[in-house]
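Written below as structure tokens is the structure these notes are about.
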Amino acid sequence: MTALPFSLNARHKGFNRAEIVDQNFIEFVQLWQGQAQAAPRDGEPVLPGSALDAQGFRDLLGSQLISRHLDLMARVLRVQNKVFYTIGSSGHEGNAMVARLTRHTDPAFLHYRSGGFMAERFRKLPGMDPVMDSALSFAASMEDPASGGRHKVWGSKPLWVLPQTSTIASHLPKAFGTAVAIEQARRIGHTLPVPEDSIAICSFGDASSNHATAQTAFNAAGWTAYQKLPAPVLFVCEDNGIGISVKTPSGWIANNFSRRPDLDYFYADGLDLAEGYGQVQAAVEHCRRTRRPTFLHLRTTRVMGHAGTDFEIEWRSVEELFALEATDPLLRSAEIALASGLYTRESLLELYEATRKQCFAAAEDADRRPRLGTLAEVMKPLAPYTPAAVKAEAERADYAARRAEVFGGEEKLPEKQPPRHLAIQIGQALHDVMAKYPESLLFGEDVALKGGVYTVTKGLFKTFKGNRVFNTLLDETVILGLAQGYANMGMLPMPEIQYLAYFHNACDQIRGEACSLQFFSNDQYRNPLVMRVASLGYQKGFGGHFHNDNSIAALRDIPGLVVGCPSRGDDAAAMLRTLMALAKVDGRVCAFLEPIALYMTKDLYEAGDGLWQYAYPAPGEALPLGEGRVYEQDADDLVVFTFGNGVPMALRAAREIEQKRGWRTRVVDLRWLAPLNDAFIVEQARSAKRILVLDEGRRSAGVGEGIITAIVEGGCGATPLQRVVGADTYTPLAGAALLVLPGEAEIVAAADRMA
């Protein structure tokens, strides 16, 4: 590339770097002294030997200029409080080549420096305006078509760009999952919302490639390819050599990724459209043709700092900044424009200034548009719930023939069998919902031939075969990434996390990704899934912390997540029907916590009584979200609020309390832990003479705080109240576990204190 036509002394280090980068381009064009060739016609290479033709260059240059001027506009108008985001794409504009060489139906999960990509992808459909749409997003306007003013995101429903927020690497597993889902659809006969030969695109920075979440996606992609299974994901590493202020060692990305046998590596120069276009083209065509995971190492740079608040001059020398600014890809694009003869200095500067004017005009217009002004407006897309439609779907029973086929005949239908315990009835319910929803999938570690650690999924693999019931590699992040990918492609995934403690390894896939998608896409994209988790404490003979985890607070803190926890088999089946309906109808992300200690429990009061076995609910029966179960509704001497393991425990304690004090006890099984049904809790508390909250979670973080808050805010705070909870510690092994978990004796003792 031609050297910059100005000296270092011409740029004082105190100047605004955005102004300097802007002026660099103008002066580069004004002072260019190169030799122009005869302008190529459309269809001819922009420069000899280039894979990029003249019209393609014009479009890409236009997209680069849009991206650059959106950045410059944001730096100016942020200080005027007219835009609210300044993490820019300057130096990364070469990613527009990836957009041009892929389709608008290739699902894209983008790095935040994707202004060039978005501007170019907008060309794929007529009538769309990348400048105005971006300006609305920068301005946090309610009219922003991507997020409705909730965040500055690169996203578009018609262009298949699924919105991300400030992504580091958390989007890579679901991009991989989407690629797998594209191929899985054919195997289960599911109609995709995109063409069958689509690929998934995922872009990220060089620093992000080191993140554990990124590494798990690369590993899963390689694990899949090693087994000759298709996974057409294009990982685009936009290597600018730095992560905020931490430099990436020179050559690290190539050294780390170029020799992985099951991750096909391609390099492309993202600073040079004429050179890089053919290199990007080779990677895209390889990924689409071979259906193998492909790693595109795209050379970029970063000018103007990480964001508007990043004053690089405070930690980088001015000489280093000058050297970086000299690699600005727009300078190389200007040189191509002039050397090709497609533009004169005058016409190029005219285009540059016209693009600036367009971006500022759009921003000023966007600033006048309405912004979110009420809490209701902010929260509207977070957790949609249409009770009537969900009820109708949960109770829908129009698949009788398929049920009979799955269960082996009418006489073997589960509702015609004797009462059974929790594990059996969950297994029956899983067979049932998979018969109802042909697009449903069940997967996780050990769920197939083994039937799960506790045999809950026994028989599902034999019935539905490996295309719908399958084992995954041991990686909870990948399991939940796969779930999101299947959901993106219109399926109903049921991922299993083997223990609640293992969920915490991958919590961000639910918190930061799955549950946030409806919010940040203004309910245009959804992640319908039902995550099953073997959960809670009291497991005998095998346990310790990782197999007796009752950290439900981590789930209850996730906005929009539905959390259900049954204590008995009939409830489990009825709840599972509703959870699947919530996912199907409203796109909800759901967690189904299955109490391990109750899986095989058959008895309630004494060995052999069989009182904790229940009949399977017939088709058409479902349990509405928020509806609890009440034992002894008319009893009011003591009301116990609890869930899961606490329910049979409270019922046993209630018998002892009645014998000891003559009190009649009402036990309230909440069943739904998020959202809590405050009105139901208050209704039950209002008639109580005494209240006890039984929560096996830890004292400082459980479900009990929410129950007590509902009681107090509902006007029942004067009622005597006790709390029986677990200790603030990890759960130890063997009998010592019962020292930290609540027991029946503690319930009776709490009643004594209220006597």
List every residue pair whose Cβ atoms sit under 7 Å apart, with the two residues 6 or more apart in sequence or on different chains, where the first one lies in the range 715-727 and is in contact (Cβ under 8 Å) with a residue 12 or more places away in the chain and of a type in the set (A, V, I, L, M, F, W, C) and the second, anywhere, is part of a loop (DSSP other than H, G, I, E, B) and surrounded by 13 or more Cβ atoms within 10 Å (Cβ to Cβ).
-> Val724/Pro742; Val725/Arg699; Val725/Gly702; Val725/Pro742; Ala727/Arg699
Could you pull out the residue among Gln509, Gln518, Gln524 that is outside the structural domain of Ala179 (by TED's automatic domain parsing), under 18 Å from Trp160 (Cβ atoms) and either in contact with a Leu (Cβ under 7 Å, 6 or more places away or on another chain) or without any contact (Cβ under 8 Å) to a residue 24 or more places away in the chain (or both)?
-> Gln518
Quick count over the range 312-335, residues being outside any helix (DSSP H, G or I) and either within 14 Å of Val21 (Cβ to Cβ) or over 35 Å from the mean Cα position of the chain (by Cα) (or both), is 5
In the range 83-101, the residues that are at pLDDT 90 or above and surrounded by fewer than 24 Cβ atoms within 10 Å (Cβ to Cβ) | Arg100, Leu101
Filtered residue count, the range 422-453, keeping only those that are in contact with a helix residue (DSSP H, G or I) (Cβ under 6 Å, 6 or more places away or on another chain) and over 14 Å from Val469 (Cβ atoms) | 5
Are any residues in the range 169-215 in a helix (DSSP H, G or I), within 15 Å of Phe295 (Cβ to Cβ) and within 19 Å of the chain's Cα centre (by Cα), and if so, which ones?
-> Leu172, Ala175, Phe176, Ala179, Ser208, Ser209, Ala214, Gln215
From Gln417, Gln484, grab the single residue that is on the phi < 0 side of the Ramachandran plot, surrounded by fewer than 19 Cβ atoms within 10 Å (Cβ to Cβ), among the polar types (S, T, N, Q) and not assigned by TED's automatic domain parsing to the domain that holds His151.
-> Gln417
Selection from the range 429-439 of residues surrounded by fewer than 24 Cβ atoms within 10 Å (Cβ to Cβ), touching a strand residue (DSSP E or B) at 6+ places or on another chain (Cβ under 8 Å) and not aromatic (Phe, Trp, Tyr) yields Val433, Met434, Glu439
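Condition check ((1) buried (at least 24 other Cβ atoms within 10 Å of the Cβ); (2) in a helix (DSSP H, G or I)) across all residues:
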| site | (1), (2) |
| --- | --- |
| Ala597 | no, yes |
| Lys602 | no, no |
| Ala607 | no, no |
| Gly620 | no, no |
| Val639 | yes, no |
| Ile657 | yes, yes |
Looking for whichever is within 20 Å of Ser535 (Cβ to Cβ) and touching a residue at least 12 places away in the same chain (Cβ under 8 Å) here; the options are Val647, Val640, Val630, Val682. Which one fits?
-> Val647
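Please enumerate the residues belonging to the range 404-456 that are outside any loop (DSSP other than H, G, I, E, B), among the aliphatic types (A, V, I, L, M) and within 22 Å of Asn645 (Cα to Cα).
Leu422, Ala423, Ile424, Ile426, Ala429, Leu430
The values are calculated or read from the model by the stated rules, or taken from the named source; none is laboratory data. The structure presented is a predicted model; accordingly, all values stated were derived computationally and were not measured. When we count neighbours, we look across all protein chains shown, and the Cβ atoms used for this are built from the backbone with ideal geometry, even at glycine.
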